[in-house]
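Visitor: One structure, as structure tokens, below. Some questions next.
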Amino acid sequence: MKLKNTIFMLVLGISTLQPCGIFAAESPAAEILSTPLPGVDGRSHNLNDWRGKIRIVNFWATWCAPCRNEIPLLSAVSREWHARNVEVIGVAIDGADDVRAFASEAQIAYPILFAEQQGQGLMQSGGNAIGALPFTLLLDQRGNIIQHHAGAVDARLLKQWLADATIKH
């Protein structure tokens with residue numbers, strides 16, 4: 001519960017900031033790519049399951065309002081870009097029962113994995129030193145982190161990321 005409250009306070013603090021934390025240098029994300037996580041589908045996955053695709057990895061929680069607000073956008077991006085070799089993957093920093101119920105209700109159109117407490121370390125290895133939620137990574141086909149963003153993403157940012165990633169790679 002203490003971790004949940006700490007993250008919530010960080011989300012409240014960062015939700016008023018302008019987009020930040022974006023970097024362009026490629027870096028390997030071995031821990032994020034190889035860590036096995038259970039999925040809503042009942043199977044174990046890691047982000048290497050989607051190797052060869054551009055991956056938008058969104059860390060979120062059901063109790064995080066900015067996280068919940070960006071899910072319809074991420075679902076739309078998943079449907080629009082899936083045929084262009086782009087996969088959106090949600091990584092929930094939350095309990096499995098809460099996530100399953102919310103994912104069904106929200107009709108999330110992309111794979112959801114459960115990281116629970118382990119998610120903090122994964123976010124940190126992806127460049128989120130303060131543990132803010134939501135937190136989104138853009139990985140190229142090889143698994144390099146090519147962008148990251150702390151706070152809610154918007155359509156303009158995702159469109160720019162995907163345009164840049166598909167041109168470069």
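The values are calculated or read from the model by the stated rules, or taken from the named source; none is laboratory data. This structure is a prediction, so every number in the text was calculated from the model and none was measured. Cβ coordinates were reconstructed from backbone atoms using ideal geometry, including for glycine residues, and neighbour counts include every protein chain displayed.
Visitor: Please enumerate the residues belonging to segment 64-97 that are farther than 14 Å from I108 by Cβ and of a type in the set (D, E).
Guide: Once the filter is applied, which keeps residues that are farther than 14 Å from I108 by Cβ and of a type in the set (D, E), segment 64-97 yields E80, D97.
Visitor: Only residues in segment 49-69 that are farther than 20 Å from T166 by Cα count as the first member; pair them with residues that are of a type in the set (F, W, Y) and buried (at least 18 other Cβ atoms within 10 Å of the Cβ), Cβ under 6 angstrom, at least 6 apart or cross-chain, and list the lot.
Guide: Pairs that qualify, where the first residue is farther than 20 Å from T166 by Cα and the partner is of a type in the set (F, W, Y) and buried (at least 18 other Cβ atoms within 10 Å of the Cβ), are F59/F135; T62/F102; C67/W60.
Visitor: Check whether at least one residue in segment 110-126 is touching a residue at least 40 places away in the same chain (Cβ under 8 Å), part of a helix (DSSP H, G or I) and either among the basic types (K, R) or more than 25 Å from E31 (Cβ to Cβ) (or both), and report yes or no. Let's see the steps before the verdict.
Guide: Step one: list which residues in segment 110-126 are touching a residue at least 40 places away in the same chain (Cβ under 8 Å), which gives 111-115, 117-123, 125-126.
With the extra rule that they be part of a helix (DSSP H, G or I), the set shrinks to 117-123, 125.
Those still in the list that are either among the basic types (K, R) or more than 25 Å from E31 (Cβ to Cβ) (or both) too: none.
Within segment 110-126, none of the residues are touching a residue at least 40 places away in the same chain (Cβ under 8 Å), part of a helix (DSSP H, G or I) and either among the basic types (K, R) or more than 25 Å from E31 (Cβ to Cβ) (or both).
Visitor: Do you know which residues across segment 82-109 are part of a loop (DSSP other than H, G, I, E, B), among the aliphatic types (A, V, I, L, M) and under 22 Å from H148 (Cβ atoms)? Break it down stepwise before answering.
Guide: Taking segment 82-109 first, the residues part of a loop (DSSP other than H, G, I, E, B) are 85, 93-95, 107-109.
Pick out the ones that are also among the aliphatic types (A, V, I, L, M) and you get 93, 108-109.
Matches in segment 82-109: I93, I108.
Visitor: If you don't mind, another one. Go through (1) assigned to a strand (DSSP E or B); (2) out of contact with any Ser or Thr (no Cβ under 8 Å at 6 or more places or on another chain) for K159 and report which single condition fails.
Guide: Against the list (1) assigned to a strand (DSSP E or B); (2) out of contact with any Ser or Thr (no Cβ under 8 Å at 6 or more places or on another chain), K159 comes up short only on (1).
Visitor: It is to be established whether one or more residues within segment 96-109 are touching a residue at least 24 places away in the same chain (Cβ under 8 Å) and within 11 Å of the chain's Cα centre (by Cα).
Guide: No, every residue in segment 96-109 fails to be touching a residue at least 24 places away in the same chain (Cβ under 8 Å) and within 11 Å of the chain's Cα centre (by Cα).
Visitor: Separate question: Conditions: (1) loosely packed, with under 14 Cβ neighbours inside 10 Å; (2) in contact with a Gly (Cβ under 6 Å, 6 or more places away or on another chain); (3) not aliphatic (A, V, I, L, M). Q107 meets all but one. Number of the miss?
Guide: Of (1) loosely packed, with under 14 Cβ neighbours inside 10 Å; (2) in contact with a Gly (Cβ under 6 Å, 6 or more places away or on another chain); (3) not aliphatic (A, V, I, L, M), only one is false for Q107: (2).
Visitor: It is to be established whether one or more residues within segment 66-78 are β-branched (V, I, T) and at pLDDT 95 or above.
Guide: Kept after step one, since they are β-branched (V, I, T), are these residues of segment 66-78: 71, 77.
Cutting the leftovers down to at pLDDT 95 or above gives us 71, 77.
Yes, segment 66-78 contains at least one residue that is β-branched (V, I, T) and at pLDDT 95 or above.
Visitor: Report, by residue number, each residue of segment 127-156 that is part of a strand (DSSP E or B) and surrounded by fewer than 18 Cβ atoms within 10 Å (Cβ to Cβ). Walk me through how you get there before you give the answer.
Guide: Residues of segment 127-156 that are part of a strand (DSSP E or B), as a first pass: 135-139, 144-150.
Scanning segment 127-156 gives a single hit, N144.
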